[in-house]
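Q: Here you go, one structure.
The values are calculated or read from the model by the stated rules, or taken from the named source; none is laboratory data. Everything quoted here is computed from the prediction, not taken from an experiment. Using ideal geometry, Cβ is built from the backbone for each residue, glycine included, and neighbour counts are taken over all protein chains shown. When the accessible area is computed, the model is the full protein with side chains, heavy atoms only, and any ligands, DNA or RNA have been set aside. Shrake-Rupley method; radii C 1.70, N 1.55, O 1.52, S 1.80 Å.
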Amino acid sequence: MQIRGSGSGHRQVGPGLGSRVTALMLAMFASMASFYVAGRLWQDAQTRVYLINELDRRTGQAHSSISVDDTLKVVACRHQHKRLAALQMELAHANHQGYLGQYSSHSNGTRNGKRLLAVIGIMTGFGRKNYRDAVRKSWLPSGATLKKLEQEKGILVRFVIGRSANKGDNYDRAIDDENRKTNDFLILENHVEGSEERPMKTKRFFGHASDTFDAEFYARINDDIYINVDALGGMLSAHWDKPRVYIGCMKSGEVFSESSHKWYEPDWWKFGDGKTYFRHASGEMVVISRALAQFISINRLLLRTYAHDDVSIGSWMIGLDVKHVNEGKLCCSSWSPGAVCSAL
């Protein structure tokens, strides 16, 4: 309907047109709001990513330490991959030759190109040459025969010793002269010899041996112990399927809190009111598998030692997923039938 009035000619806006303008304005406002919210959300997300990265950088979480269990799993996984690759290579060689070799088919970084069955460290010290000579005359060969033991039976044996507190003195020179004649020492250059340092020496031996020699097992024995090498090889072959095995003559024993006692334990209070050690392998002879030796090597700075080396080894094993094997054949002082070792 036309409205009469002045001659301006304007018409009144109808209700339909006004509602369309309002809807258009609302749509534009909603679009602008959506862009604004999306921008803020994207900016917040970027800020969160930056803050997380910065927090990781400052706290070191981006390079967090590996747990004990993860360390063992990684070591075992690498071990299995190496064994599989070596077996495949040996199988291909066997197809042409029809023969796999006398001991092992596992490639490694040792000089003879084969994985050893065992590395045996004989703990010795200054002034104990008579004990070393007794070992050489009884069961440890010398010269070419020592090399033959390594190549044919896969067993490498070395006397383990550190350096004198006064490096280069008569003690060090005597060991160097003896080693030039016998070539059967493993000298720990970063270790200072001392009776109170035996646990630290044992830890350094396992770490150094696992870093230097690729073997299935690593053993430490005293320098007054006789070993039947063939019997040892037969015993160890029964444990090849156990990647984390700790073998020895297991015992507990009393913890002595008197400082005047020969076997005094400064940390006696940590073993409870009963004053009894946890189960551990006797120090005469201890054998651990490759994965455990590598674990000691990786964590050598974190593993603490006690007054005695056999207790120290036991403490490293007790918190791990390890198979403890109480092997009577390694009770060297008992002279039991079929024993692998005995006291000289």
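Q: At 1.4 Å probe size, with the rest of the protein present, what percent of the exposed accessible area of region 278-317 is carbon and sulfur atoms?
A: Here it works out to 56 percent.
Q: Quick one: Karplus J couplings for region 322-330, per residue in order, coefficients 6.51, -1.76, 1.60, θ = phi - 60°, nearest Hz, x for Gly and Pro?
A: Couplings: 10, 8, 7, 10, 7, 9, x, 5, 9 Hz.
Q: Sort region 175-256 into rounded, prolate or oblate with this rule: let a ≥ b ≥ c be the square roots of the eigenvalues of the Cα gyration tensor; rounded if a/c is under 1.5, and if a/c is not under 1.5, prolate when a/b is larger than b/c, oblate otherwise.
A: oblate
Q: Label region 253-340 by shape, choosing from rounded, prolate and oblate, from the square roots a ≥ b ≥ c of the eigenvalues of the Cα gyration tensor; if a/c is under 1.5 it is rounded, and otherwise prolate applies when a/b is larger than b/c, oblate when it is not.
A: Oblate is the answer for region 253-340, as a/c is 1.5 or above yet b/c matches or exceeds a/b.
Q: Calculated FRET efficiency, Tyr264 and Arg180, Cβ-Cβ r, R0 45 Å, to nearest 0.05?
A: Step by step, r from the Cβ atoms, then E = 0.70.
Q: Same structure again: For Lys242, Lys153, give me the order by solvent-accessible area with a 1.4 Å probe, most accessible first, ignoring ligands, DNA and RNA.
A: Lys153, Lys242
Q: Determine which aspartates and glutamates satisfy two conditions relative to Lys148: a Cα distance under 14 Å, and not lying fewer than 8 residues away in the same chain.
A: Counting by Cα, and skipping residues close in sequence, Lys148 has these aspartates and glutamates nearby: Asp184, Asp230.
Q: Follow-up. Probe of 1.4 angstrom, ligands and nucleic acids ignored: what's the accessible area per residue over region 217-344, in square angstrom?
A: Normalised by residue count, the accessible surface of region 217-344 is 44 Å².
Q: Would you pull out the residues with amide H under 5 Å of Tyr226's amide H, same chain only if 5 or more places away, H placed 1.01 Å from N?
A: Those lying under 5 Å, H to H, from Tyr226 are Ser342, Ala343, Leu344.
Q: Taking a ≥ b ≥ c as the square roots of the Cα gyration tensor eigenvalues, with a/c under 1.5 meaning rounded and otherwise prolate when a/b beats b/c, else oblate, which class fits region 154-210?
A: Oblate shape, in that a/c is at least 1.5 and b/c is the bigger or equal ratio.
Q: What residues have an amide H closer than 5 Å to that of Thr124, excluding those fewer than 5 places away on the same chain, when H is modeled at 1.01 Å from N in the peptide plane?
A: Answer set, sorted by chain and number: Val160.
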